[in-house]
1. Can you report the number of residues in the stretch 165-178 which are assigned to a strand (DSSP E or B), under 22 Å from the mean Cα position of the chain (by Cα) and surrounded by fewer than 20 Cβ atoms within 10 Å (Cβ to Cβ)?
2. Given the criterion in contact with a Lys or Arg (Cβ under 9 Å, 6 or more places away or on another chain), acidic (Asp, Glu) and not assigned by TED's automatic domain parsing to the domain that holds Phe47, identify the matching residue among Asp166, Asp249, Asp219.
3. Within the stretch 68-92, count every residue that is buried (at least 17 other Cβ atoms within 10 Å of the Cβ) and not in a helix (DSSP H, G or I).
4. State whether one or more residues within the stretch 101-118 are buried (at least 19 other Cβ atoms within 10 Å of the Cβ), modelled with pLDDT of 90 or more and over 29 Å from Thr245 (Cβ atoms).
5. Go through the stretch 179-190 and give me each residue that's surrounded by fewer than 11 Cβ atoms within 10 Å (Cβ to Cβ) and in contact (Cβ under 8 Å) with a residue 12 or more places away in the chain.
6. Here's a check for you: in the stretch 28-52, which residue that is more than 14 Å from the chain's Cα centre (by Cα) and assigned to a loop (DSSP other than H, G, I, E, B) is nearest to Gly94 (Cα to Cα)?
Amino acid sequence: MRKIKLVLVFILAIFSLGLIACGEGGNTEIDWSKKTVSGISPVKETFYAKYEYDEFELSMLKIHVEYTDGTSRDIPVTEEMLDEKDIRKLKTVGKPRITIYYDAFDLQMSVNIIDSSRLDENLNPDGEYACVIKAIRDQEAGIINFIFEGNENYDVCAMSFAYSYDNSLMQLSNAKMNEALTGIGDVQVVDGKVMFAYTESGTALEGEIILFTVNYTGDFRNSKLGAAEDFNNVVYLANFTDFSTTLADNVLYHASVK
């Protein structure tokens, strides 16, 4: 009986030691404040990106922190890492150069702050292009307007084009052609692209007109919405004097990132 008790005591002792060991090793949370920083560097893709001035947040920028024990981590930039004058620089359009302070280290980097809505104005001031086809997002309405902007020297009688986007970041749905258009048209949203085909009957498109709209959800800031040349975008110009058509070779396809 005494031997059994001794065996049980021995087993309990081993079990207790195991619990203590598990308790010490099971806590995997790292206390970074106790580590010594050996250097910092930029997470380059976050600094090389373009940011809308009215949507930019400081946490979008990240730095890579290395420690003397060989570990490292990426952390977002905070206001505590910048001087007030540099914080003010990031609230206007431009490429401000800022200094980031972390521990005993500092890092100078430029940030590209843009206002892409300016890119949507005066795209064809000299009439260089036969027409401009634009995809302009309306953030408040949650829609993307696909707009035709003609040149007074040209009439457009037919067109076919497609735009691609990153399906993992943004979803498009409810494609609707403008009811004001009098020709025959079709618009579809399939497989990560928007496809549009249109033919005028009797008259031609001129001036500026919304061709169609689509609803979108998701984060468009990093999406890849843009003119997809590999879908054989085409625009035909009309001459209603001799009723001839010509394939336009100078069409500007423009997708706003705003």
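The values are calculated or read from the model by the stated rules, or taken from the named source; none is laboratory data. The structure presented is a predicted model; accordingly, all values stated were derived computationally and were not measured. A quick note on method: Cβ atoms are made from the backbone with ideal geometry, for glycine too, and the neighbour counts reach across all protein chains shown.
1. Going residue by residue through the stretch 165-178, those that are assigned to a strand (DSSP E or B) are 170-177.
Now narrow it down to the ones that are under 22 Å from the mean Cα position of the chain (by Cα): 170-175.
From what's left, surrounded by fewer than 20 Cβ atoms within 10 Å (Cβ to Cβ): 171, 173-175.
Matching residues across the stretch 165-178 total 4.
2. Values: Asp249 fails: in contact with a Lys or Arg (Cβ under 9 Å, 6 or more places away or on another chain); Asp219 fails: in contact with a Lys or Arg (Cβ under 9 Å, 6 or more places away or on another chain).
Sole residue among the options that is in contact with a Lys or Arg (Cβ under 9 Å, 6 or more places away or on another chain), acidic (Asp, Glu) and not assigned by TED's automatic domain parsing to the domain that holds Phe47: Asp166.
3. 3
4. Within the stretch 101-118, one or more residues are buried (at least 19 other Cβ atoms within 10 Å of the Cβ), modelled with pLDDT of 90 or more and over 29 Å from Thr245 (Cβ atoms).
5. Pass one, the stretch 179-190, residues surrounded by fewer than 11 Cβ atoms within 10 Å (Cβ to Cβ): 179-180, 190.
Matches in the stretch 179-190: Ala180 only.
6. Per the stated criteria, the residue is Val43.
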